[in-house]
Structures are given as structure tokens and as C-alpha cells.
Amino acid sequence: MTRDPSADIRINAEDIRRRKGGVPIVCLTAYTYPVARLLDPHVDLLLVGDSVAMVLHGHATTLGASLEMMIAHGQAVMRGSAKACVVVDMPAGSYEASPAQAVTAARRIVEETGCQAVKLEGGVDIAAQIAAIVAAGIPVMGHIGLQPQSVEKDGGYKIKGRTQENIALLFRDAEAVEKAGAFSVVIEGTMEAVAAKLTHYISIPTIGIGASVDCDGQILVIDDMVGLTVDRVPKFVKEYADLRSAVADAAARYAAEVRSRAFPSPDHVFTTEPGKDET
Ligand code: KIV
């Protein structure tokens, strides 16, 4: 399929913002060209999440993501998609220090990938960064609730919204992200009833992951969703395929056929004159 990068058929951040309260917004993470091509016809939004550091690069946390890593994967996902709104995560360390640092990193991501928006984690604490990036003309998706970039500070992956104090903070965070100009916000790992209330409290779409069916959209990590995750699969994941078994089975059959010299068979080698059996 030939892609025309100038064809303006992509869903953009404003299209997503307008979907508040409507048909749920379908989001998945994507990190590579072939997976983006497979997902693009089915989703509204592809997130190049910093989860790529764990999922594809084997880091223990998302803190292993770098700006260069996010840009390389953002470019691959842009090449593999034509319709979805592509959002690229800002990695830890690229935006917290100041609004100026955040704008510099966000500009680099957008200029080098061509993506539609960036995402950053935090609420009240990074509202100034969101406002500055939006003022620079770059749409921002927020991310509140469980924030994987804060996992070391938090002492683990802790579900949010369990205490009155934390619920009050979540409402302050949601409001701060909305007021700073974000076009939508991910709510991760948050008690169901609280995520539902947050969705009704703010005017921008909420995208849930381990949150509530009442959110305006849902997102999952692609490798979790297709059953490729080899380590612990979180409770909030539904596996819609079992690629772990499919890949292990294919590898076992290939290994057996190589060892028995059943592969390559005559179908998979070149035996006739040029032009007859080229690939
Ligand atoms: O990095 C990521 O994949 C994310 C999603 C879990 C929302 O931020």
C-alpha cells in the first residue's frame, strides 16, 4: 500500500476532544511500523507509549525510555499509519524541570516524527508545562492516576483513588490538566467509581486503562492485548489473542524442521533459471 504523508485524512487532537461523551474512543499503544499498519484501520488513536522501554527494550520500568527512543518509534508508527491520531509519550527527564525544557522536547518530538500530539504524566505539578506546550501550538494529552514514571517514588504500582485525600488530589489533577489546555487525559490504575466521577467532572475526554467503562475511551498496551507479554499480565488487561503460544509453537516447529532438514524444502529454495522462481 502506498502512503501519501501529505493526505490530510488523519484524526487530529481536536477530533478526539470533540468525542467527549460520544462513541468510546478506541486507543492502543504501537511502537513499530508493521503493528501500526495492522492497528491503524481499527483505532482512533495510537500511543507511542514510553512502555516501549519495558515492552520492546526489556527495561524494568518506563524510566528506561529516552527522547531518541521515543522519536525513533514515533517515526516508525507514523510511517505505518495513515488515519489514527498518533500521540508520542514524553519520557521521564524530558519535561519536569521547567516549561521551557518541556517545550523544547515536545517541539523535537513533533518536528522529528510528525505526530499529532505528545503525552506527559502528572497533574497540578506539571500544569505549567502542559500550558506552555499547548501555547507553542502542540496538542497535549495528560496522564493522571497511576503514573508509571513515578513508580520508584511511589514504591511500586499503587492503585489510586483509595483514600479521600488521594481522591481529592485526583480531582485537582484532572482539573489542572483540563485548565492547562490538554485535549484529553489518560486515567490509569484508578478505582472504578473515582475514574467514572472524574470523567463526568471534566470537559475533555478521559481515556481509561485499569479505570472505568464510563471513561470516554479505553487504551491497552498492544503486547498485553494480543497475549505477547511474557512477564506478569496486569489484572486490567484482557488478552484478545494468544500470540505467546503462537510464537513459541512456530519457533518449536521451525527448530524441529531445521534439525531434521525438513526446512528448507524444494518450495523454499531456488532451483530453476533466473526469472522463473524469483521471490
Ligand atoms: O506508556 C504507555 O503505554 C502508557 C499507557 C499505559 C497509557 O502511558
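Observations on the structure shown:
- Taking the chain as the region of interest, the number of lysine pairs whose Cα atoms are within less than 19 Å, with members eight or more places apart or on different chains, is 9.
- Rolling a 1.4 Å probe over the protein chains gives PHE171 an accessible area of about 50 Å².
- Restricting the trypsin sites (Lys or Arg not before Pro) of the range 185-255 to loop positions (DSSP other than H, G, I, E, B) with no more than 16 neighbouring Cβ atoms within 10 Å leaves ARG232, LYS235, LYS238.
- For the chain, the solvent-accessible area of protein heavy atoms averages 50 Å² per residue (probe radius 1.4 Å; ligands and nucleic acids excluded).
- The string of couplings for the range 101-118 from the Karplus curve (6.51, -1.76, 1.60, θ = phi - 60°) is 4, 5, 5, 4, 5, 5, 4, 4, 4, 5, 5, 8, 10, x, 5, 7, 6, 10 Hz, one whole number per residue in order, with x for Gly and Pro.
- About the centre of its Cα atoms, the chain shows a dipole size close to 320 debye [charges on the beta carbon of Lys, Arg (+1) and Asp, Glu (-1) only; nearest 20 debye].
- Carbon + sulfur, % of accessible area of the chain - ligands and nucleic acids excluded, 1.4 Å: 58
- Amide H contacts under 5 Å for VAL48: ALA30, VAL87, VAL88, ASP89, restricted to partners 5 or more places along the chain or on a different chain, H placed in the peptide plane at 1.01 Å from N.
- Whole-Å distance, taken between Cα centres, linking the range 113-133 and the range 224-246: 29
- Note on SER66: accessible area approximately 40 square angstrom, rounded to 10, probe 1.4 Å, nucleic acids and ligands left out.
The values are calculated or read from the model by the stated rules, or taken from the named source; none is laboratory data. Just so it is clear, the structure is predicted and the values come from calculations on it, not from any experiment. With ideal geometry, Cβ positions are generated from the backbone for all residues, glycine too; neighbour counts draw on all protein chains shown. These area figures cover heavy atoms from the full protein model, side chains too; ligands, DNA and RNA do not enter into them. Shrake-Rupley method; radii C 1.70, N 1.55, O 1.52, S 1.80 Å.
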